[in-house]
Amino acid sequence: MGLWSAYFFAKLLLFGVGYIGFDPWLNLAFAVFTALPPQNARQRFTKNLIGIPLAIMLLYHDSWLPPFARVLEQTHFLKDFTPEYLWELAQRFIDWKLLLGLVVFSLVYGLARRKLRLSTFVFAAILIVLVRPETHLPVERAMANVTPAPGARPAPQATIDPRNMRVEALDATLSEFYAKEQLRQVRFAPLAADDAPYDIILMHVCSLSWDDLDFVRETSDPLLRRFDIVFDDFSTAASYSGPAAIRLLRSSCGQVEQLELYEPPKRECLLIDGLQRVGFAPRWLMNHDGRFGDFFADVRVHGAFPAEPETTKDAPVAQHAFDGSPIYDDYAVLSQWWSERLQDPTTRVVLYYNSISLHDGNRVASTSEGSASYQARLMQFSSDIRRFIDDLDASGRRAILVFIPEHGAAVRGDRRQIPGLREVPTYAITRVPVGVLLINANGDVTDVQQHVEAPTSYLAVAELLSRFVADNPFTKPDFHVSSYTQNLPQTDPVAQNEHTVMMQIRNHTMVRMPNGEWTSWDVPTRRASLE
(Lines give C-alpha, C1' and ligand atoms only; values in the text may rest on other atoms or scores of the structure.)
Protein backbone atom coordinates (compact mmCIF):
# COMPACT_ATOMS: atom_id res chain seq x y z
CA MET A 1 0.00 0.00 0.00
CA GLY A 2 2.94 2.31 0.65
CA LEU A 3 2.12 5.99 1.06
CA TRP A 4 -1.53 5.30 0.30
CA SER A 5 -1.86 4.28 3.95
CA ALA A 6 -1.37 7.96 4.85
CA TYR A 7 -4.45 8.80 2.77
CA PHE A 8 -6.60 6.33 4.68
CA PHE A 9 -5.23 7.24 8.11
CA ALA A 10 -5.84 10.93 7.42
CA LYS A 11 -9.43 10.21 6.35
CA LEU A 12 -10.05 8.00 9.37
CA LEU A 13 -8.79 10.73 11.69
CA LEU A 14 -10.97 13.36 9.98
CA PHE A 15 -13.90 10.97 10.25
CA GLY A 16 -13.20 10.35 13.92
CA VAL A 17 -13.39 14.04 14.81
CA GLY A 18 -16.45 14.70 12.64
CA TYR A 19 -15.00 16.60 9.68
CA ILE A 20 -16.05 14.03 7.07
CA GLY A 21 -18.10 10.87 6.70
CA PHE A 22 -16.64 7.49 5.79
CA ASP A 23 -18.19 4.98 3.42
CA PRO A 24 -16.64 1.69 4.64
CA TRP A 25 -17.42 -0.42 1.58
CA LEU A 26 -16.07 2.02 -0.97
CA ASN A 27 -13.00 2.73 1.13
CA LEU A 28 -12.40 -0.98 1.63
CA ALA A 29 -12.57 -1.57 -2.12
CA PHE A 30 -10.17 1.30 -2.77
CA ALA A 31 -7.82 0.05 -0.03
CA VAL A 32 -7.70 -3.37 -1.71
CA PHE A 33 -6.87 -1.65 -5.01
CA THR A 34 -4.02 0.38 -3.46
CA ALA A 35 -2.66 -2.74 -1.74
CA LEU A 36 -2.23 -4.61 -5.04
CA PRO A 37 1.54 -4.93 -5.60
CA PRO A 38 2.79 -3.54 -8.94
CA GLN A 39 5.20 -5.78 -10.82
CA ASN A 40 7.21 -3.01 -12.44
CA ALA A 41 7.57 0.77 -12.67
CA ARG A 42 5.07 0.99 -15.51
CA GLN A 43 2.38 -0.76 -13.47
CA ARG A 44 3.17 1.47 -10.49
CA PHE A 45 2.74 4.56 -12.66
CA THR A 46 -0.54 3.26 -14.10
CA LYS A 47 -1.81 2.34 -10.63
CA ASN A 48 -1.13 5.84 -9.29
CA LEU A 49 -2.53 7.44 -12.45
CA ILE A 50 -5.81 5.66 -11.78
CA GLY A 51 -5.66 5.90 -8.00
CA ILE A 52 -5.17 9.65 -7.57
CA PRO A 53 -8.42 10.76 -9.28
CA LEU A 54 -10.28 7.89 -7.56
CA ALA A 55 -8.90 9.07 -4.20
CA ILE A 56 -10.07 12.64 -4.86
CA MET A 57 -13.54 11.47 -5.89
CA LEU A 58 -13.82 9.20 -2.85
CA LEU A 59 -12.74 12.00 -0.51
CA TYR A 60 -15.36 14.28 -2.06
CA HIS A 61 -17.95 11.51 -1.68
CA ASP A 62 -17.10 11.15 2.01
CA SER A 63 -17.10 14.89 2.63
CA TRP A 64 -20.17 16.89 3.65
CA LEU A 65 -19.98 19.00 0.52
CA PRO A 66 -23.09 18.96 -1.70
CA PRO A 67 -23.27 16.50 -4.60
CA PHE A 68 -20.95 17.51 -7.40
CA ALA A 69 -23.86 17.87 -9.82
CA ARG A 70 -25.41 20.49 -7.52
CA VAL A 71 -22.09 22.31 -7.29
CA LEU A 72 -22.01 22.52 -11.08
CA GLU A 73 -25.58 23.83 -11.06
CA GLN A 74 -24.60 26.63 -8.70
CA THR A 75 -21.43 27.74 -10.48
CA HIS A 76 -23.36 30.21 -12.64
CA PHE A 77 -23.87 32.28 -9.49
CA LEU A 78 -20.10 32.79 -9.17
CA LYS A 79 -20.09 35.30 -12.00
CA ASP A 80 -22.29 37.56 -9.84
CA PHE A 81 -19.93 37.48 -6.84
CA THR A 82 -17.44 40.28 -6.33
CA PRO A 83 -13.74 39.24 -6.25
CA GLU A 84 -13.55 40.34 -2.62
CA TYR A 85 -16.36 38.00 -1.65
CA LEU A 86 -14.85 35.06 -3.55
CA TRP A 87 -11.54 35.59 -1.74
CA GLU A 88 -13.37 35.81 1.56
CA LEU A 89 -15.15 32.49 0.88
CA ALA A 90 -11.85 30.83 -0.05
CA GLN A 91 -10.29 31.90 3.24
CA ARG A 92 -13.09 30.30 5.25
CA PHE A 93 -12.05 26.85 4.08
CA ILE A 94 -8.79 27.23 5.98
CA ASP A 95 -8.95 25.70 9.45
CA TRP A 96 -5.62 26.35 11.15
CA LYS A 97 -6.23 23.82 13.93
CA LEU A 98 -6.93 21.16 11.33
CA LEU A 99 -3.81 22.07 9.37
CA LEU A 100 -1.72 21.88 12.55
CA GLY A 101 -3.23 18.48 13.31
CA LEU A 102 -2.32 17.23 9.84
CA VAL A 103 1.26 18.44 10.30
CA VAL A 104 1.51 16.51 13.58
CA PHE A 105 -0.07 13.49 11.89
CA SER A 106 2.53 13.66 9.09
CA LEU A 107 5.39 13.63 11.60
CA VAL A 108 3.95 10.70 13.53
CA TYR A 109 3.19 8.82 10.32
CA GLY A 110 6.72 9.35 9.03
CA LEU A 111 8.16 7.79 12.18
CA ALA A 112 5.63 4.94 12.38
CA ARG A 113 6.00 3.73 8.78
CA ARG A 114 9.67 2.95 9.44
CA LYS A 115 8.78 0.46 12.17
CA LEU A 116 5.28 -0.87 11.37
CA ARG A 117 3.36 -2.41 8.49
CA LEU A 118 0.70 0.29 8.41
CA SER A 119 -1.51 -1.28 5.74
CA THR A 120 -2.57 -3.88 8.30
CA PHE A 121 -3.83 -1.15 10.62
CA VAL A 122 -5.66 0.52 7.72
CA PHE A 123 -7.65 -2.63 6.92
CA ALA A 124 -8.33 -3.24 10.61
CA ALA A 125 -9.69 0.29 11.08
CA ILE A 126 -11.91 0.07 7.99
CA LEU A 127 -13.28 -3.28 9.15
CA ILE A 128 -14.09 -1.78 12.57
CA VAL A 129 -16.13 0.94 10.89
CA LEU A 130 -17.77 -1.70 8.71
CA VAL A 131 -18.82 -4.12 11.46
CA ARG A 132 -19.80 -1.43 13.95
CA PRO A 133 -22.39 0.71 12.13
CA GLU A 134 -22.75 3.06 15.09
CA THR A 135 -19.33 4.43 14.21
CA HIS A 136 -20.64 5.87 10.97
CA LEU A 137 -24.27 6.50 12.00
CA PRO A 138 -23.78 7.69 15.58
CA VAL A 139 -26.96 7.52 17.60
CA GLU A 140 -26.54 7.07 21.33
CA ARG A 141 -22.76 7.61 21.31
CA ALA A 142 -22.81 10.90 19.41
CA MET A 143 -25.96 12.04 21.15
CA ALA A 144 -24.82 11.50 24.69
CA ASN A 145 -23.65 14.99 25.58
CA VAL A 146 -25.25 17.48 23.21
CA THR A 147 -25.57 21.07 24.39
CA PRO A 148 -29.03 22.55 23.76
CA ALA A 149 -29.24 25.49 21.38
CA PRO A 150 -29.26 28.96 22.99
CA GLY A 151 -32.54 29.58 24.76
CA ALA A 152 -33.88 26.09 24.19
CA ARG A 153 -35.27 24.00 27.01
CA PRO A 154 -33.23 20.86 27.69
CA ALA A 155 -34.86 17.81 26.18
CA PRO A 156 -35.87 14.93 28.43
CA GLN A 157 -32.90 12.64 28.87
CA ALA A 158 -34.77 9.51 27.90
CA THR A 159 -32.93 6.74 26.10
CA ILE A 160 -33.61 6.73 22.36
CA ASP A 161 -34.39 3.30 21.01
CA PRO A 162 -31.72 2.66 18.32
CA ARG A 163 -34.38 0.90 16.24
CA ASN A 164 -36.16 4.24 15.86
CA MET A 165 -32.99 5.76 14.40
CA ARG A 166 -32.60 3.29 11.57
CA VAL A 167 -32.98 4.56 8.01
CA GLU A 168 -36.38 2.93 7.52
CA ALA A 169 -37.73 4.27 10.82
CA LEU A 170 -36.47 7.80 10.14
CA ASP A 171 -37.96 7.76 6.64
CA ALA A 172 -41.28 6.63 8.11
CA THR A 173 -41.18 9.38 10.74
CA LEU A 174 -40.57 11.98 8.03
CA SER A 175 -43.41 10.66 5.85
CA GLU A 176 -45.75 10.69 8.84
CA PHE A 177 -44.78 14.30 9.56
CA TYR A 178 -45.70 15.46 6.05
CA ALA A 179 -48.91 13.42 6.06
CA LYS A 180 -50.07 15.15 9.26
CA GLU A 181 -49.11 18.56 7.93
CA GLN A 182 -51.35 18.12 4.89
CA LEU A 183 -54.38 18.06 7.18
CA ARG A 184 -53.72 21.41 8.83
CA GLN A 185 -55.12 24.76 7.71
CA VAL A 186 -55.86 28.21 9.13
CA ARG A 187 -58.92 30.24 8.09
CA PHE A 188 -59.59 33.96 8.59
CA ALA A 189 -62.97 35.02 9.91
CA PRO A 190 -64.69 38.12 8.42
CA LEU A 191 -64.10 41.40 10.21
CA ALA A 192 -66.94 43.12 12.04
CA ALA A 193 -68.29 46.22 10.28
CA ASP A 194 -67.34 48.48 13.19
CA ASP A 195 -64.00 46.79 13.88
CA ALA A 196 -61.18 49.15 14.90
CA PRO A 197 -58.81 49.30 11.88
CA TYR A 198 -55.15 48.42 12.14
CA ASP A 199 -52.28 47.45 9.84
CA ILE A 200 -50.19 44.27 9.78
CA ILE A 201 -46.46 44.53 9.04
CA LEU A 202 -44.68 41.28 8.18
CA MET A 203 -40.96 41.95 8.51
CA HIS A 204 -39.05 39.15 6.79
CA VAL A 205 -35.34 39.43 7.59
CA CYS A 206 -32.50 37.51 6.00
CA SER A 207 -29.74 35.83 8.04
CA LEU A 208 -30.55 35.94 11.76
CA SER A 209 -30.83 32.90 14.03
CA TRP A 210 -30.64 32.29 17.75
CA ASP A 211 -27.24 30.70 17.16
CA ASP A 212 -26.00 33.83 15.39
CA LEU A 213 -27.22 35.98 18.28
CA ASP A 214 -25.55 33.67 20.77
CA PHE A 215 -22.25 33.75 18.91
CA VAL A 216 -22.09 37.56 18.84
CA ARG A 217 -23.47 37.70 22.40
CA GLU A 218 -26.64 39.57 21.45
CA THR A 219 -29.36 37.20 22.66
CA SER A 220 -30.68 40.05 24.80
CA ASP A 221 -30.71 42.57 21.97
CA PRO A 222 -32.93 45.59 22.80
CA LEU A 223 -35.11 44.85 19.75
CA LEU A 224 -36.05 41.42 21.12
CA ARG A 225 -37.02 42.99 24.42
CA ARG A 226 -39.53 45.25 22.65
CA PHE A 227 -41.74 42.39 21.48
CA ASP A 228 -44.92 41.38 23.31
CA ILE A 229 -44.61 37.79 22.09
CA VAL A 230 -41.42 35.84 21.33
CA PHE A 231 -41.31 32.41 19.72
CA ASP A 232 -38.37 30.61 21.31
CA ASP A 233 -38.30 27.52 19.09
CA PHE A 234 -39.48 28.63 15.65
CA SER A 235 -38.33 26.64 12.61
CA THR A 236 -37.97 28.36 9.24
CA ALA A 237 -37.97 24.92 7.54
CA ALA A 238 -35.50 26.37 5.01
CA SER A 239 -31.95 27.68 4.85
CA TYR A 240 -32.36 29.89 1.78
CA SER A 241 -34.40 33.03 1.19
CA GLY A 242 -36.61 31.95 -1.71
CA PRO A 243 -38.10 28.84 -0.08
CA ALA A 244 -38.45 30.71 3.24
CA ALA A 245 -40.44 33.49 1.57
CA ILE A 246 -42.72 31.00 -0.19
CA ARG A 247 -43.31 29.11 3.05
CA LEU A 248 -44.28 32.31 4.87
CA LEU A 249 -46.61 33.43 2.08
CA ARG A 250 -48.23 29.96 2.02
CA SER A 251 -48.37 29.63 5.80
CA SER A 252 -52.13 29.16 6.08
CA CYS A 253 -51.51 25.45 5.44
CA GLY A 254 -49.18 22.94 7.03
CA GLN A 255 -45.59 22.38 5.98
CA VAL A 256 -44.92 20.70 2.63
CA GLU A 257 -41.85 19.26 0.97
CA GLN A 258 -39.71 21.78 -0.87
CA LEU A 259 -40.56 20.53 -4.36
CA GLU A 260 -44.23 21.33 -3.70
CA LEU A 261 -43.32 24.97 -3.13
CA TYR A 262 -42.75 25.34 -6.85
CA GLU A 263 -46.07 23.85 -7.85
CA PRO A 264 -49.13 26.12 -8.32
CA PRO A 265 -50.30 27.23 -4.86
CA LYS A 266 -53.65 26.34 -3.35
CA ARG A 267 -55.59 29.52 -2.69
CA GLU A 268 -56.61 28.40 0.81
CA CYS A 269 -52.91 28.24 1.75
CA LEU A 270 -52.05 31.83 0.77
CA LEU A 271 -51.60 34.03 3.82
CA ILE A 272 -51.83 37.39 2.03
CA ASP A 273 -54.84 36.26 0.00
CA GLY A 274 -56.61 35.25 3.21
CA LEU A 275 -55.91 38.62 4.80
CA GLN A 276 -56.91 40.47 1.63
CA ARG A 277 -60.29 38.71 1.56
CA VAL A 278 -61.08 40.00 5.06
CA GLY A 279 -60.13 43.59 4.26
CA PHE A 280 -56.33 44.06 4.33
CA ALA A 281 -54.89 45.63 1.19
CA PRO A 282 -51.52 44.01 0.26
CA ARG A 283 -48.31 46.04 0.06
CA TRP A 284 -44.79 44.84 -0.79
CA LEU A 285 -41.52 46.56 0.07
CA MET A 286 -37.84 45.52 -0.08
CA ASN A 287 -34.52 47.18 0.67
CA HIS A 288 -32.94 45.46 -2.35
CA ASP A 289 -33.77 44.75 -5.99
CA GLY A 290 -34.78 41.09 -5.48
CA ARG A 291 -32.77 40.00 -8.50
CA PHE A 292 -30.35 37.48 -7.01
CA GLY A 293 -31.69 33.93 -6.90
CA ASP A 294 -34.84 35.20 -8.64
CA PHE A 295 -36.27 36.19 -5.27
CA PHE A 296 -38.76 38.47 -7.02
CA ALA A 297 -40.34 35.47 -8.79
CA ASP A 298 -40.39 33.43 -5.59
CA VAL A 299 -42.55 36.09 -3.94
CA ARG A 300 -44.60 37.20 -6.94
CA VAL A 301 -45.22 33.84 -8.63
CA HIS A 302 -44.71 31.01 -6.15
CA GLY A 303 -45.88 33.07 -3.19
CA ALA A 304 -48.70 34.48 -5.34
CA PHE A 305 -48.25 37.96 -3.90
CA PRO A 306 -51.12 40.06 -5.32
CA ALA A 307 -49.24 43.37 -5.65
CA GLU A 308 -46.09 44.79 -7.19
CA PRO A 309 -43.20 45.95 -4.96
CA GLU A 310 -43.15 49.63 -4.14
CA THR A 311 -40.12 51.72 -5.06
CA THR A 312 -37.49 52.76 -2.54
CA LYS A 313 -37.19 56.12 -4.34
CA ASP A 314 -34.48 58.23 -2.77
CA ALA A 315 -33.50 55.98 0.16
CA PRO A 316 -29.73 56.11 0.77
CA VAL A 317 -27.56 53.07 -0.02
CA ALA A 318 -26.33 51.64 3.26
CA GLN A 319 -24.51 48.54 1.95
CA HIS A 320 -23.54 46.69 -1.19
CA ALA A 321 -24.43 43.01 -1.51
CA PHE A 322 -21.94 40.25 -2.38
CA ASP A 323 -22.86 40.77 -6.06
CA GLY A 324 -22.32 44.53 -5.83
CA SER A 325 -26.02 45.46 -5.94
CA PRO A 326 -27.25 48.25 -3.62
CA ILE A 327 -28.90 47.58 -0.26
CA TYR A 328 -30.90 50.51 1.02
CA ASP A 329 -31.05 51.83 4.56
CA ASP A 330 -33.77 49.96 6.47
CA TYR A 331 -34.99 52.91 8.49
CA ALA A 332 -35.06 55.22 5.49
CA VAL A 333 -37.06 52.73 3.41
CA LEU A 334 -39.53 51.94 6.19
CA SER A 335 -39.99 55.47 7.49
CA GLN A 336 -40.58 56.77 3.97
CA TRP A 337 -43.20 54.10 3.39
CA TRP A 338 -44.87 54.84 6.72
CA SER A 339 -45.07 58.54 5.98
CA GLU A 340 -46.88 57.73 2.74
CA ARG A 341 -49.05 55.19 4.53
CA LEU A 342 -50.31 57.84 6.93
CA GLN A 343 -51.55 59.81 3.92
CA ASP A 344 -53.20 56.75 2.38
CA PRO A 345 -56.97 56.51 3.03
CA THR A 346 -56.93 52.69 2.79
CA THR A 347 -58.51 51.38 6.00
CA ARG A 348 -56.24 48.39 6.52
CA VAL A 349 -53.06 47.17 4.84
CA VAL A 350 -50.78 44.18 5.24
CA LEU A 351 -47.16 44.98 4.35
CA TYR A 352 -44.60 42.34 3.40
CA TYR A 353 -41.17 43.88 3.99
CA ASN A 354 -38.01 41.99 3.07
CA SER A 355 -34.55 43.05 4.23
CA ILE A 356 -31.14 41.57 3.37
CA SER A 357 -29.08 43.93 5.54
CA LEU A 358 -27.59 41.00 7.47
CA HIS A 359 -26.80 38.79 4.47
CA ASP A 360 -23.40 37.19 4.18
CA GLY A 361 -20.85 39.11 2.11
CA ASN A 362 -22.44 42.55 2.42
CA ARG A 363 -20.10 45.54 2.42
CA VAL A 364 -21.04 48.62 4.39
CA ALA A 365 -21.06 51.52 1.96
CA SER A 366 -18.85 53.71 4.12
CA THR A 367 -16.15 51.09 4.72
CA SER A 368 -14.46 48.14 3.03
CA GLU A 369 -15.19 45.88 6.01
CA GLY A 370 -17.16 42.84 4.93
CA SER A 371 -18.70 39.87 6.71
CA ALA A 372 -16.56 40.54 9.78
CA SER A 373 -18.95 43.42 10.39
CA TYR A 374 -21.89 41.09 11.07
CA GLN A 375 -22.21 42.21 14.68
CA ALA A 376 -21.92 45.89 13.71
CA ARG A 377 -24.51 45.42 10.97
CA LEU A 378 -26.78 43.60 13.41
CA MET A 379 -26.56 46.46 15.90
CA GLN A 380 -27.31 48.99 13.14
CA PHE A 381 -30.22 46.92 11.89
CA SER A 382 -31.63 46.59 15.41
CA SER A 383 -31.34 50.35 15.88
CA ASP A 384 -33.10 51.01 12.56
CA ILE A 385 -36.04 48.75 13.38
CA ARG A 386 -36.40 50.19 16.88
CA ARG A 387 -36.47 53.71 15.40
CA PHE A 388 -39.18 52.59 13.01
CA ILE A 389 -41.17 51.10 15.89
CA ASP A 390 -40.87 54.44 17.68
CA ASP A 391 -42.30 56.15 14.60
CA LEU A 392 -45.19 53.67 14.52
CA ASP A 393 -45.89 54.31 18.15
CA ALA A 394 -45.66 58.10 17.81
CA SER A 395 -48.09 58.12 14.89
CA GLY A 396 -50.90 56.82 17.09
CA ARG A 397 -51.99 54.38 14.37
CA ARG A 398 -52.65 50.80 15.41
CA ALA A 399 -50.43 48.10 13.95
CA ILE A 400 -49.27 44.54 14.51
CA LEU A 401 -45.62 43.98 13.65
CA VAL A 402 -44.47 40.40 13.02
CA PHE A 403 -40.70 39.97 12.87
CA ILE A 404 -39.59 36.72 11.16
CA PRO A 405 -36.05 35.89 10.01
CA GLU A 406 -35.84 33.82 6.83
CA HIS A 407 -32.99 31.70 8.21
CA GLY A 408 -29.72 32.14 10.05
CA ALA A 409 -26.45 33.51 8.72
CA ALA A 410 -24.42 30.48 9.90
CA VAL A 411 -21.96 32.93 11.46
CA ARG A 412 -20.47 30.25 13.68
CA GLY A 413 -20.21 27.40 11.18
CA ASP A 414 -19.39 23.87 12.27
CA ARG A 415 -16.91 21.16 11.38
CA ARG A 416 -18.93 20.11 8.36
CA GLN A 417 -20.00 23.48 6.98
CA ILE A 418 -17.79 26.53 6.80
CA PRO A 419 -19.20 29.80 8.20
CA GLY A 420 -21.80 31.19 5.83
CA LEU A 421 -22.52 27.85 4.12
CA ARG A 422 -26.17 26.81 4.47
CA GLU A 423 -26.38 23.82 2.13
CA VAL A 424 -27.47 21.57 5.01
CA PRO A 425 -30.37 23.27 6.87
CA THR A 426 -29.16 22.51 10.37
CA TYR A 427 -31.06 23.29 13.55
CA ALA A 428 -28.61 26.12 14.31
CA ILE A 429 -29.46 27.76 10.97
CA THR A 430 -33.22 27.20 10.92
CA ARG A 431 -34.08 28.01 14.56
CA VAL A 432 -34.78 31.75 14.59
CA PRO A 433 -36.16 34.45 16.93
CA VAL A 434 -39.69 35.45 15.93
CA GLY A 435 -41.34 38.40 17.65
CA VAL A 436 -44.78 40.01 17.59
CA LEU A 437 -45.53 43.55 18.76
CA LEU A 438 -48.94 45.21 19.17
CA ILE A 439 -48.50 48.93 18.61
CA ASN A 440 -50.87 51.49 20.17
CA ALA A 441 -53.10 48.86 21.75
CA ASN A 442 -55.35 49.86 24.61
CA GLY A 443 -53.98 49.07 28.03
CA ASP A 444 -50.50 47.86 28.88
CA VAL A 445 -49.68 44.73 26.88
CA THR A 446 -45.95 44.88 27.44
CA ASP A 447 -45.99 44.21 31.17
CA VAL A 448 -44.84 40.61 30.79
CA GLN A 449 -43.36 39.34 27.55
CA GLN A 450 -45.06 36.14 26.47
CA HIS A 451 -42.79 33.30 25.32
CA VAL A 452 -44.02 30.52 23.06
CA GLU A 453 -41.64 27.77 24.09
CA ALA A 454 -43.12 24.88 22.12
CA PRO A 455 -41.66 24.03 18.68
CA THR A 456 -43.54 26.05 16.06
CA SER A 457 -43.33 27.21 12.46
CA TYR A 458 -45.26 29.40 10.02
CA LEU A 459 -48.65 27.84 10.75
CA ALA A 460 -48.48 29.21 14.31
CA VAL A 461 -47.95 32.75 12.97
CA ALA A 462 -50.90 32.40 10.58
CA GLU A 463 -53.04 31.07 13.44
CA LEU A 464 -52.01 33.95 15.71
CA LEU A 465 -52.94 36.48 13.02
CA SER A 466 -56.29 34.75 12.50
CA ARG A 467 -56.98 35.08 16.22
CA PHE A 468 -56.19 38.79 16.10
CA VAL A 469 -58.56 39.15 13.12
CA ALA A 470 -61.33 37.17 14.83
CA ASP A 471 -60.92 38.90 18.20
CA ASN A 472 -59.55 42.38 17.62
CA PRO A 473 -57.02 43.17 20.38
CA PHE A 474 -57.37 46.91 19.75
CA THR A 475 -61.03 47.03 20.77
CA LYS A 476 -60.38 45.76 24.28
CA PRO A 477 -59.87 48.27 27.12
CA ASP A 478 -57.77 45.70 28.93
CA PHE A 479 -56.62 42.30 27.78
CA HIS A 480 -53.87 39.74 28.16
CA VAL A 481 -51.63 38.77 25.26
CA SER A 482 -51.45 35.26 26.71
CA SER A 483 -55.09 34.70 25.74
CA TYR A 484 -53.98 34.74 22.08
CA THR A 485 -50.95 32.47 22.45
CA GLN A 486 -52.51 29.49 24.19
CA ASN A 487 -52.38 26.20 22.29
CA LEU A 488 -50.90 27.56 19.10
CA PRO A 489 -50.25 24.77 16.56
CA GLN A 490 -46.94 23.06 17.15
CA THR A 491 -44.63 21.92 14.36
CA ASP A 492 -41.70 19.58 14.80
CA PRO A 493 -38.38 21.00 13.56
CA VAL A 494 -38.06 19.63 10.04
CA ALA A 495 -36.15 21.61 7.41
CA GLN A 496 -35.29 20.92 3.81
CA ASN A 497 -32.99 22.24 1.12
CA GLU A 498 -33.82 20.47 -2.11
CA HIS A 499 -32.79 16.85 -1.45
CA THR A 500 -31.24 17.38 2.00
CA VAL A 501 -33.56 17.07 5.00
CA MET A 502 -32.94 17.92 8.66
CA MET A 503 -35.13 16.39 11.33
CA GLN A 504 -34.84 17.11 15.03
CA ILE A 505 -35.29 14.07 17.32
CA ARG A 506 -35.58 15.49 20.83
CA ASN A 507 -32.35 17.46 21.18
CA HIS A 508 -30.56 15.60 18.42
CA THR A 509 -30.20 16.49 14.76
CA MET A 510 -30.48 13.84 12.07
CA VAL A 511 -29.84 14.73 8.43
CA ARG A 512 -30.87 12.78 5.34
CA MET A 513 -28.31 13.34 2.62
CA PRO A 514 -29.17 13.41 -1.10
CA ASN A 515 -28.18 9.73 -1.41
CA GLY A 516 -30.94 8.82 1.07
CA GLU A 517 -28.63 7.99 3.97
CA TRP A 518 -29.24 9.47 7.42
CA THR A 519 -26.43 10.75 9.60
CA SER A 520 -26.20 12.44 12.97
CA TRP A 521 -25.30 16.12 12.77
CA ASP A 522 -24.47 16.42 16.46
CA VAL A 523 -20.94 17.68 15.87
CA PRO A 524 -18.93 20.40 17.61
CA THR A 525 -19.15 23.87 16.15
CA ARG A 526 -16.33 25.41 14.21
CA ARG A 527 -14.73 28.33 16.01
CA ALA A 528 -13.34 29.94 12.86
CA SER A 529 -16.28 32.13 11.95
CA LEU A 530 -17.42 35.22 10.13
CA GLU A 531 -16.48 37.34 13.09
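The values are calculated or read from the model by the stated rules, or taken from the named source; none is laboratory data. Please read these numbers as outputs of a predicted model, since none were measured by experiment. When we count neighbours, we look across all protein chains shown, and the Cβ atoms used for this are built from the backbone with ideal geometry, even at glycine. Quick note on the areas: whole protein, heavy atoms, side chains included, nothing else; ligands and nucleic acids left out. Shrake-Rupley method; radii C 1.70, N 1.55, O 1.52, S 1.80 Å.
Taking θ as phi - 60° and the Karplus parameters 6.51, -1.76 and 1.60, the scalar couplings of the range 376-386 work out to 5, 5, 5, 5, 5, 4, 4, 5, 4, 5, 5 Hz in sequence order, x denoting glycine and proline.
In the range 453-521, the portion of solvent-accessible area held by carbon and sulfur atoms comes to 40 percent [1.4 Å probe, whole percent, DNA, RNA and ligands not counted]. Checking the a/c ratio against 1.5 first, then a/b against b/c, what shape does the Cα gyration tensor give for the range 224-314? The shape class here is rounded. The phi torsions of the range 255-270, fed into the Karplus equation with coefficients 6.51, -1.76 and 1.60 and a -60° offset, translate into couplings of 6, 10, 5, 4, 4, 5, 5, 9, 9, x, x, 7, 4, 5, 9, 7 Hz, rounded to whole numbers, with Gly and Pro shown as x.
Let me make sure I get this right: for the range 284-340, a, b and c are the square roots of the gyration tensor eigenvalues over alpha carbons, sorted descending. Under 1.5 in a/c it's rounded, otherwise prolate if a/b > b/c, else oblate. Which is it? Since a/c reaches 1.5 but b/c is at least a/b, the shape of the range 284-340 is classed as oblate.
For the range 161-315, the fraction of 1.4 Å probe accessible surface lying on carbon and sulfur atoms is 50 percent. Please give the Cα centre distance for the range 374-417 versus the range 279-349, rounded to the nearest Å. Taking the Cα centre of each part, the range 374-417 and the range 279-349 sit 16 Å apart.
Solvent exposure of the range 414-493, expressed per residue, is 35 Å² of accessible area, with all protein chains present and a 1.4 angstrom probe. For residue 456, the residues whose amide H sits under 5 Å from its own are 233, 234, 235, 491, ignoring neighbours fewer than 5 places away on the same chain, with H placed 1.01 Å from N. Rounded to the nearest 0.05, the FRET efficiency derived from the C-beta distance between residue 294 and residue 257 at R0 = 22 Å is 0.65. Neighbours of residue 235, meaning other residues whose beta-carbon lies under 9 angstrom from its beta-carbon, give a summed charge of -1 when Lys and Arg score +1 and Asp and Glu score -1.
Which shape class, rounded, prolate or oblate, goes with the range 252-400 when its Cα gyration tensor gives a ≥ b ≥ c as root eigenvalues, a/c under 1.5 marks rounded, and past that a/b bigger than b/c marks prolate? Judged from the Cα gyration tensor, the range 252-400 comes out oblate (a/c at least 1.5, b/c at or above a/b).
Legend: residues 302, 499, 204, 451, sorted from most to least accessible area (1.4 Å probe; ligands, DNA and RNA excluded), read 499, 451, 302, 204. Tally up the carbon and sulfur contribution to the accessible surface of the range 373-412 as a whole percent, 1.4 Å probe, everything protein left in place. That share works out to 39 percent. Simple rule: put +1 on each Lys or Arg Cβ and -1 on each Asp or Glu Cβ in the range 313-460, find the dipole, and look at 449, 383, 338; the Cα lying farthest toward the positive end is 449. For the pair residue 448 and residue 96, a Förster radius of 45 Å applied to the C-beta separation gives a FRET efficiency near 0.45, rounded to the nearest 0.05. In summary, the lysines within cross-link reach of residue 11, defined as a Cα separation below 19 angstrom excluding same-chain residues under 8 places away, comprise 97. Computed with every protein chain present, the accessible area of residue 171 is close to 50 Å² [probe 1.4 Å]. Using the Karplus relation 6.51 cos²θ - 1.76 cosθ + 1.60 with θ = phi - 60°, the per-residue 3J(HN,Hα) values for the range 200-216 come to 10, 10, 8, 9, 9, 10, 7, 6, 7, 10, 4, 5, 4, 4, 5, 5, 8 Hz, with x marking Gly and Pro. Summarising the amide proton neighbourhood of residue 284: residues at separation of 5 or more, or on other chains, whose placed amide H is nearer than 5 Å comprise 310, 352. Each of 206, 253 has its accessible area taken with a 1.4 Å probe; listed largest first, they run 253, 206.
Put 181, 310, 176 in order of accessible area, highest first, and with a 1.4 Å probe you get 176, 310, 181. Taking every protein chain into account, the accessible area of the range 163-284 amounts to 41 square angstrom per residue (probe 1.4 Å).
Computed with a 1.4 Å probe on the full set of protein chains, the accessible area for residue 481 sits at about 10 Å².
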